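The values are calculated or read from the model by the stated rules, or taken from the named source; none is laboratory data. Here the structure is a predicted model, which means the values were calculated and not measured. Reconstructed Cβ throughout: ideal geometry from the backbone, glycine too, with neighbour counts over all protein chains shown.
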Amino acid sequence: MWDNVEAKIRRAMNSVRQAFRVRLSRVNSAGPVQTFQANGLAGEQIQDAELFQHYGFTSSPPPGTMGIVIPLGGRTSHSVVVATESASYRIKALASGEVAIYTSEGAAITLKKGRIITVDCDEYQVNCKKYIVNANEEADFNTPLLKASEEITDKTSTLSSVREIYNNHNHPDSSGDTIGTPNQSM
């Protein structure tokens, strides 16, 4: 009798689809929940299934990305991707405890040991109402050109007021008379 029960349970469990691997072929990130198309490693096609991601993080995995699919209720037609991996682009050789966010073009933010954060990119943009940097020791800018679209201020003055003082100051000649402002303005 128990053999009969076990056989029925085994048959029922065999009809329930277990988690499986896929290779994503397309991701649609326009909707409230991303959807994907993929090919299972056994050749099955998954169409317009959901791609779940952690709150606060979103990505659009490139074609060829591997994924783990959970068929909800054991049915392939109700599948969701719960994890993705793209070995071609993933940052390798991170030390234990380090974290990285990266793109297929090589842009990356890496949180490293020693409380170091590195950012690798071609252009870095920050859009905010107020930007504050607190550096207890120093701030270094290693660049051939530093631009500011508005005023630069330190504890006592602004760069434009220093420029105005320089451009309008006079030099005395040997007799004490003024010979005029600098011939090159700042």
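Only strands (runs of 3 or more DSSP E) whose full extent lies in region 17-62 are considered here, and the ones with at least 3 residues that are charged (D, E, K, R) are 20-28. Taking residues in region 150-165 that are under 20 Å from S185 (Cβ atoms), and partners anywhere that are assigned to a loop (DSSP other than H, G, I, E, B) and among the small types (G, A, S), the pairs with Cβ atoms closer than 9 Å and at least 6 places apart or on different chains are L159/A148; R163/S185; I165/S157. Considering only residues in region 1-38 that are among the basic types (K, R) and modelled with pLDDT under 90, the one that is farthest from P62 (Cα to Cα) turns out to be K8. None of T153, T181 is touching a helix residue (DSSP H, G or I) at 6+ places or on another chain (Cβ under 7 Å), over 26 Å from A107 (Cβ atoms) and surrounded by 10 or more Cβ atoms within 10 Å (Cβ to Cβ) except T181.
Out of region 81-118, which residues are of a type in the set (D, E, K, R) and under 17 Å from P61 (Cα atoms)?
Of everything in region 81-118, those that are of a type in the set (D, E, K, R) and under 17 Å from P61 (Cα atoms) turn out to be E85, R90, E105.
Scoring T181 on the criteria (1) β-branched (V, I, T); (2) touching a residue at least 12 places away in the same chain (Cβ under 8 Å); (3) assigned by TED's automatic domain parsing to the domain that holds A100 leaves a single failure, condition (3).
With the structure loaded, tell me whether V82 is touching a Phe, Trp or Tyr at 6+ places or on another chain (Cβ under 6 Å) and outside any loop (DSSP other than H, G, I, E, B) or whether it fails that test. So that I can check it myself, show each step before the final result.
Working: touching a Phe, Trp or Tyr at 6+ places or on another chain (Cβ under 6 Å): yes; outside any loop (DSSP other than H, G, I, E, B): yes.
Judged against the criteria, V82 is a match.
Only residues that are of a type in the set (A, V, I, L, M) and at pLDDT below 90 were counted in region 39-67, giving 2. Beta carbons closer than 9 Å, at least 6 apart along the sequence or on distinct chains, pair a first residue in region 106-127 that is within 21 Å of A87 (Cβ to Cβ) with a second that is part of a strand (DSSP E or B) and of a type in the set (F, W, Y) for A108/Y102; I109/Y102; T110/Y102; D120/Y102.
Taking I165 as the residue in question, decide whether it is surrounded by 10 or more Cβ atoms within 10 Å (Cβ to Cβ) and closer than 30 Å to D122 by Cβ. Give the derivation first.
Details: surrounded by 10 or more Cβ atoms within 10 Å (Cβ to Cβ): yes; closer than 30 Å to D122 by Cβ: no.
When the stated conditions are applied, I165 does not pass them.
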